[in-house]
Amino acid sequence: LTLLTGILFSLLISALSGLLLTRHQRPGKEIMQGIKRGQFHVEYQPLVTAHDGQPYGVEALLRWTHPTEGMIPPDAFISYAEAQNLIIPLTQHLFTLVARDAQFLCKQLPRGTRLSLNLSPLHLASESFRRDVQAWINIMPTDHFNYVFEITERSMVGEKSAGEIFAWLHENNFKIAIDDFGTGHSALIYLEKYPFDYLKIDRGFVQSIGTETVTSPVLDAVLLLAKKLNLKTVAEGVETGDQAAWLVNRGVTHLQGYLFSRPLRPENLVSYYQRQRALS
Ligand code: C2E
Ligand code: MG
Ligand code: MG
Ligand code: MG
């Protein structure tokens with residue numbers, strides 16, 4: 001049944017990414033070429049501590065500048081890479097790009113800065129995952145960053161070894177965030193089953209704050225649950241001061257969104273940190 005669901009799911013993904021990505025036929029070769037030709041780069045979006053608005057860490061977000069199509073958003077090419085079996089080489093490339101940026105960033109950002117990376121469930125479940133993570137850590141600056149992997153709810157679906165992989169990540173000092181919480185399969189069960197450190201509240205919830213929808217009681221309940229389970233909470237997609245105030249009032253520990261900063265290139269990220277330090 002799991003296998004069947006998996007197959008149906010990948011079919012759905014390829015159909016969807018086909019729609020999103022192609023006007024004409026696009027062979028998977030393009031991603032590999034894009035890697036070789038340096039068309040990918042990484043931007044870093046700050047996360048701030050809720051009580052003082054000071055930067056706490058960054059999330060690495062992959063960007064693809066296609067030679068003819070221009071900027072292709074990650075929501076389109078990640079699912080495409082997953083469907084084409086290219087997510088592992090693409091994530092290995094992400095690791096390489098982040099390690100390159102980190103040589104510069106470690107001289108500029110405070111020690112202990114949180115560095116989050118998004119992982120695909122397909123990579124997490126793959127045989128090369130631990131090897132890839134170890135190889136990455138070997139090329140990262142020693143002892144400067146605290147690492148977080150962001151994983152969406154569907155990573156856990158049908159994945160028998162998820163618990164084992166999470167335990168291995170913890171042994172190796174990685175924290176784990178459940179990403180886009182509230183958008184995927186009903187995941188309350190996973191919150192008890194797996195040792196998450198952070199719960200990232202999906203942008204959809206944040207956007208509905210202050211509007212006349214029924215979402216706020218659900219969000220209230222999720223935040224209460226997170227507190228009971230001792231999880232730190234990150235609200236994503238915070239765009240207004242009202243949203244931030246509402247979230248801080250309810251004990252959300254970290255905020256992320258355009259209100260604070262858009263995702264930035266390394267040099268601009270460093271300026272952002274300097275400006276914030278000057279303000280504090
Ligand atoms: P995510 O992990 O939930 O990342 C947050 C997304 O929300 C980012 O979109 C970010 O630019 C956007 N965002 C942040 N603050 C705001 C805001 O205030 N308002 C609005 N409207 N949007 C905001 P982005 O960069 O387009 O990435 C989309 C998704 O693609 C990510 O969602 C993540 O799931 C995936 N992704 C990005 N980079 C990678 C990667 O390297 N590997 C994998 N596996 N997935 C990635
Ligand atoms: Mg994320
Ligand atoms: Mg997210
Ligand atoms: Mg999201």
Exercise. Can you name the residue in region 116-153 that is among the acidic types (Asp, Glu) and within 16 Å of ligand 4 (Cβ to nearest atom) and is also farthest from Asp101 (Cα to Cα) among such residues?
Worked result: Glu153
Seminar exercise, completed: Listed by range, helices (runs of 4 or more DSSP H) wholly within region 58-162 having at least 3 residues that are open to solvent by 60 Å² or more (accessible area, probe 1.4 Å) and within 13 Å of ligand 1 (Cβ to nearest atom) are none
For this session: Check Val238 against each of (1) assigned to a helix (DSSP H, G or I); (2) among the aliphatic types (A, V, I, L, M); (3) surrounded by 16 or more Cβ atoms within 10 Å (Cβ to Cβ) and name the one condition it does not meet.
Result: (1)
Exercise. Hey, does region 203-222 have a residue that's within 14 Å of ligand 3 (Cβ to nearest atom), open to solvent by less than 80 Å² (accessible area, probe 1.4 Å) and either part of a loop (DSSP other than H, G, I, E, B) or touching a Pro at 6+ places or on another chain (Cβ under 8 Å) (or both)?
Worked result: no
Problem set entry | Residue pairs meeting the criteria (Cβ under 7 Å; at least 6 apart or on separate chains; first farther than 20 Å from Phe95 by Cα and of a type in the set (Phe, Trp, Tyr), in region 28-57; second open to solvent by less than 60 Å² (accessible area, probe 1.4 Å) and modelled with pLDDT of 95 or more) | Tyr56/Leu47; Tyr56/Val48; Tyr56/Thr49; Tyr56/Arg114; Tyr56/His254
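Taking Val98, is it within 16 Å of ligand 2 (Cβ to nearest atom) and either under 21 Å from Phe196 (Cβ atoms) or out of contact with any strand residue (DSSP E or B) (no Cβ under 8 Å at 6 or more places or on another chain) (or both)? Before the answer, list the steps.
Numbers: within 16 Å of ligand 2 (Cβ to nearest atom): yes; either under 21 Å from Phe196 (Cβ atoms) or out of contact with any strand residue (DSSP E or B) (no Cβ under 8 Å at 6 or more places or on another chain) (or both): no.
Taking the combined requirement at face value, the residue does not satisfy it.
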For this session: Please enumerate the residues belonging to region 31-57 that are open to solvent by 10 Å² or more (accessible area, probe 1.4 Å), within 13 Å of ligand 1 (Cβ to nearest atom) and not in a strand (DSSP E or B).
Result: Ile35
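Condition check ((1) at pLDDT 95 or above; (2) away from ligand 3 (no atom under 16 Å from the Cβ); (3) of a type in the set (D, E, K, R)) across all residues:
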residue	(1), (2), (3)
Asp132	yes, yes, yes
Trp136	yes, yes, no
Thr142	no, yes, no
Ser155	no, no, no
Asn172	yes, yes, no
Ile178	no, no, no
Asp197	yes, no, yes
Exercise. Do you know which of the residues in region 67-91 that are on the phi < 0 side of the Ramachandran plot and of a type in the set (S, T, N, Q) is farthest from ligand 2 (Cβ to nearest atom)?
Worked result: Thr68
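The values are calculated or read from the model by the stated rules, or taken from the named source; none is laboratory data. These numbers come from a predicted model, not from an experiment. Neighbour counts run over all protein chains shown; Cβ positions are idealised from the backbone, glycine included. Note: accessible area is taken over every heavy atom of the protein model, side chains too, but ligands, DNA and RNA are not part of it. Shrake-Rupley method; radii C 1.70, N 1.55, O 1.52, S 1.80 Å.
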